[in-house]
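Input: a single structure, listed below in structure tokens.
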Amino acid sequence: AQKVTQAQTEISVVEKEDVTLDCVYETRDTTYYLFWYKQPPSGELVFLIRRNSFDEQNEISGRYSWNFQKSTSSFNFTITASQVVDSAVYFCALSEKGGSNTGTASKLTFGTGTRLQVTL
Amino acid sequence: DSGVTQTPKHLITATGQRVTLRCSPRSGDLSVYWYQQSLDQGLQFLIQYYNGEERAKGNILERFSAQQFPDLHSELNLSSLELGDSALYFCASSVAPRANSPLHFGNGTRLTVT
């Protein structure tokens, strides 16, 4: 069964600090997909990024970067020069392809989330 | 704005009652998912539909049911409500029910059972 672990329950940083959110996953599939979602205080879940298991290139998008390492089953998320608006709960999630090519369920298994608090 | 619309935003009801949550997926998305978010259980997958047909079931109670209509909107029905059903219920949609399809979530319906 698939599992996602976000060991950091809560992180507090001061604005402009860099912060890394950890995500470790478990899966028996060779093809799978990893996601990060942001849940700001307003409550909605916002999709940030998707990474395929066969693509280990790191990705940078502005102040956000993601480090995917299959060897350690980790998909960590770094925010550079954090801002107050980054305060939110961040969820890592995993989806397995499974054995079917007909488009089976793509349910996401979420981690428990990391609450990031950025203060002035 | 994800393009997924959920109504109502808030719902307060008493134990034993029945409620219906409604979801309109993003334009062009055929697959709809329901998730429950509670403090003790986190984000739990309930059920998935694709083009009107049920595709997968997660941790959905027998008291709960859902359907997707021909116009692709979906409804989640919760009956015989208990205090423990109080949670934030999210609907999400994707173009297709493939593992690599990002889910786009609505703003959720906050259900409070008193």
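Here are some notes:
- Computed from the Cβ-Cβ distance with R0 of 25 Å, the FRET efficiency linking A:Thr20 to B:Gln41 stands at 0.40.
- About the Cα centre, charge dipole magnitude for chain B (Lys/Arg +1, Asp/Glu -1 at Cβ), debye: 100 debye
- Per-residue shielding of A:42-52, expressed as the average number of other chain Cβ atoms within 10 Å of the residue Cβ, stands at 5.
- Stokes-Einstein diffusion of the protein assembly as shown at 25 °C, 0.890 mPa s viscosity, Kirkwood radius from Cα pairs, rounded to a whole number: 134 µm²/s.
- At most 13 other Cβ within 10 Å, DSSP loop - trypsin sites (Lys or Arg not before Pro), the range B:24-114: B:Arg63
- A Cβ-based charge dipole, computed about the Cα centre of the range B:1-67 with Lys and Arg at +1 and Asp and Glu at -1, lands at about 160 debye.
- Candidates B:Glu62, B:Glu54, B:Glu82: whichever shows maximal mean-square fluctuation once chain B is modelled as a Gaussian network with Cα springs under 10 Å: B:Glu62
- Residue-level accessible surface for B:Ile60, protein heavy atoms, 1.4 Å, Å²: 30 Å²
- Computed about the Cα centre, the dipole magnitude for the protein assembly as shown is approximately 280 debye when only Lys and Arg (+1) and Asp and Glu (-1) carry charge, each at its Cβ.
- A:Asp22, B:Asp85, B:Asp40, ranked by accessible area, largest first (probe 1.4 Å): B:Asp40, A:Asp22, B:Asp85
- Seen from A:Asp86, the other residues with C-beta closer than 15 Å to its C-beta sum to a net charge of 0, counting Lys and Arg as +1 and Asp and Glu as -1.
- Projected label distance in nm at B:Asp71 and A:Thr80, using a 7 Å step from Cα toward the beta-carbon: 4.7 nm
- By average C-beta atoms within 10 angstrom, highest first, the peptides B:11-23, A:6-18, B:27-39: B:27-39, B:11-23, A:6-18
- Trypsin sites (Lys or Arg not before Pro) within the range A:32-76: DSSP coil, no more than 15 neighbouring Cβ in 10 Å: A:Arg63
- Computed over Cα pairs, the Kirkwood radius of chain B leads via Stokes-Einstein (1.002 mPa s, 20 °C) to a diffusion coefficient of 154 µm² per second.
- Per residue of peptide B:40-46, the mean number of Cβ atoms on other chains within 10 Å of the residue Cβ is 4.
- Residues of the range B:1-25 with amide N under 15 Å of the 7 Å Cα→Cβ point at B:Thr114: B:10-17
- Scattering profile of the range B:16-76 at q = 0.27, 0.28, 0.30 Å⁻¹ [log10 I(q)/I(0), Debye over alpha-carbon scatterers]: -1.20, -1.25, -1.33
- For B:100-109, mean number of other protein chain Cβ atoms within 10 Å: 6
The values are calculated or read from the model by the stated rules, or taken from the named source; none is laboratory data. These numbers come from a predicted model, not from an experiment. Heads up, the Cβs are rebuilt from the backbone with ideal geometry, glycines too, and the neighbour counts pull from every protein chain shown. Only protein heavy atoms, including side chains, enter the accessible area calculation; ligands, DNA and RNA are left aside. Shrake-Rupley method; radii C 1.70, N 1.55, O 1.52, S 1.80 Å.
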